[in-house]
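Here's the structure, in C-alpha cells; my notes come after.
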Amino acid sequence: MFARWLLPLVCALTAEADFFHLGSISNVSTYYFNYFYCNIWEGECQPHQDDATQQVPAGDLWPGFPQDYTSLLHQWYCSLGQCCESGDCRITNNITGLAKDLQTKLHGQHLVQSVVLKAIQGFINNPESNKPLTLSFHGWTGTGKNFVARLIADNLYRDGVKSECVRLFIAPFHFPHARLLDTYKGQLREAIRDLVLRCPETLFIFDEAEKLHPGLIDAIKPYMDHYDNVDGVSYRRAIFIFLSNIGGATINDVALDFWHSGQNREDIGMEDLEHRLRAETLETQGGFAQSELMSDHLIDFFVPFLPLEYRHVKLCARDAYAARGLEADETTLDEVAKAMLYVPKEERLFSAQGCKSIPQRINFFLP
C-alpha cells in the first residue's frame, strides 16, 4: 500500500526536478529512503544508514512542493519515533537522567557526583564554549572511573558507549608499541577528526591514560585547546575524559586522615584534593603526565574517586544482585563484602578492589 503512493511520488519528483532545489531534495529523500530501506524493507544497509545521521527534515525544505504533503510525510515519519528535539536522534543530552544515575547508582563518591554533573551540565548548556570539555578521573581501580564514563555516555547518547558519537581508547590495547608512535599519532588524529565531522557532539574516553606513550597526547593537544578550529574543523563541542590510577595513593591518604581525625568522609572537599592531584600528576612518569595538556592547564577538572568502604561494597553487591533480577538479604550482602580485601590491614577500612570484582564474586554465593 505504501509503495503505491511512494513510487509515483519519487517519479514525480524526478520528472519535475527543475522546479525544486535538487540539493535539498537529495538530502531529504535520502534520509527517508534510508529509514524505509533499512527498517521497513529490511534491506542491507550501508554503514550508519540506520542511524539518524542527518537532522530530521523540517521547515520549508522543498520550495514549490505542496506544504501539506511535506508536513504529512514528516508527521508520519515522526510517528514512528524517529524524530527528536535535538534534530539528531543519536544525541539525547539527558542531564536529568545523568543526575539520577550518579545519585542512585554510584556509591561513596560525593565529589564525583557534584563535579561531574556540574561540568557536563555547564558544558551542554553553553553552546558557545571556547574549548572542549576535558576531564581527568583519578583513583584506585574499582572506584568507579569507567562506570561514571559509561553513565555519561548512556545519558548523552541514545546508544551509550556503542554510539557512533563515542570513541573509547584503551592505552595498552590501542597503542601497545612505542616504536609505532608516529603511526599512532596519525591514526589518533584521523579517528578524532573523522568522528567530529560525523557527529556534532562527541565523547572521547582514554582508559589507563597513565600508560599512553610520551608525545601521543601532544599530537591531539590542539583539539583540546582554545582554538576556533583546527584545519577547518571545530572541536569545541567535544568532551575528552582521561581515566588513570595516578593520584590514587594521595586520595587514599586524604581519606584516611579524615577518618583518623574523626571527620565525616562527606566533609572531604575538592580543595582538599585538587591541588594535590595536579601536583602528583605533574611528577608522575608517563605520557599523560608529561604532556602539554598538563603544562598548558587544559584539563578543566581533576576528579578524585575516593576509596570505597565496607558499606559501599555492600551497596555494590546489592546492585549486582538486582541486575540479575535477584534480591539479597543483609546476611548475603555481608558475606560478599567480607570476601573482599581491605586496607590498611590494621583497620580494614578501604576495599582494595573497589566494586570492580563484585559481579564475579557473587557467583560463589548463588545457590
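Points to keep in mind about this one:
- Here F288, F242 are screened, and the one residue that is at pLDDT 90 or above, surrounded by 20 or more Cβ atoms within 10 Å (Cβ to Cβ) and not in a helix (DSSP H, G or I) is F242.
- Within segment 248-292, considering residues that are touching a Pro at 6+ places or on another chain (Cβ under 7 Å) and of a type in the set (G, A, S), the one nearest to F206 (Cα to Cα): G287
- Within segment 165-174, tally of residues that are in a strand (DSSP E or B) and buried (at least 17 other Cβ atoms within 10 Å of the Cβ): 4
- Within segment 139-161, the set of residues being part of a loop (DSSP other than H, G, I, E, B) and either in contact with a strand residue (DSSP E or B) (Cβ under 7 Å, 6 or more places away or on another chain) or surrounded by fewer than 24 Cβ atoms within 10 Å (Cβ to Cβ) (or both) comprises G139, T141, G142, R158, D159.
- Counting only residues that are in contact with a helix residue (DSSP H, G or I) (Cβ under 6 Å, 6 or more places away or on another chain), part of a helix (DSSP H, G or I) and either of a type in the set (F, W, Y) or surrounded by 14 or more Cβ atoms within 10 Å (Cβ to Cβ) (or both), segment 245-269 holds 2 of them.
- In segment 221-231 there is no residue matching the filter, namely being buried (at least 18 other Cβ atoms within 10 Å of the Cβ), over 24 Å from the mean Cα position of the chain (by Cα) and either assigned to a loop (DSSP other than H, G, I, E, B) or modelled with pLDDT of 95 or more (or both).
- Taken together, the criteria place C355 among residues that are surrounded by 12 or more Cβ atoms within 10 Å (Cβ to Cβ), of a type outside the set (S, T, N, Q), in contact (Cβ under 8 Å) with a residue 40 or more places away in the chain and assigned to a loop (DSSP other than H, G, I, E, B).
- Check on D319, under 25 Å from the mean Cα position of the chain (by Cα) and part of a helix (DSSP H, G or I): yes
- Considered as a group, the residues in segment 175-205 that are in contact (Cβ under 8 Å) with a residue 40 or more places away in the chain and not in a loop (DSSP other than H, G, I, E, B) include one that is farthest from G248 (Cα to Cα), and that residue is R198.
- Entry remark, segment 199-215: residues being modelled with pLDDT of 95 or more, open to solvent by 10 Å² or more (accessible area, probe 1.4 Å) and under 17 Å from R237 (Cα atoms) number 1 in total.
- Each residue in segment 94-115 was checked for being touching a helix residue (DSSP H, G or I) at 6+ places or on another chain (Cβ under 6 Å), open to solvent by 40 Å² or more (accessible area, probe 1.4 Å) and over 23 Å from A317 (Cβ atoms), and 1 pass.
- Any hit, segment 306-328, residues being open to solvent by 40 Å² or more (accessible area, probe 1.4 Å) and over 18 Å from F365 (Cβ atoms): yes
The values are calculated or read from the model by the stated rules, or taken from the named source; none is laboratory data. In this text, all values refer to a predicted model and were calculated from it rather than measured experimentally. Neighbour counts are summed over all protein chains in view; Cβ atoms, including those assigned to glycine, are modelled from backbone coordinates with ideal geometry. Heads up: the accessible areas ignore ligands, DNA and RNA and are worked out on the full protein's heavy atoms, side chains in. Shrake-Rupley method; radii C 1.70, N 1.55, O 1.52, S 1.80 Å.
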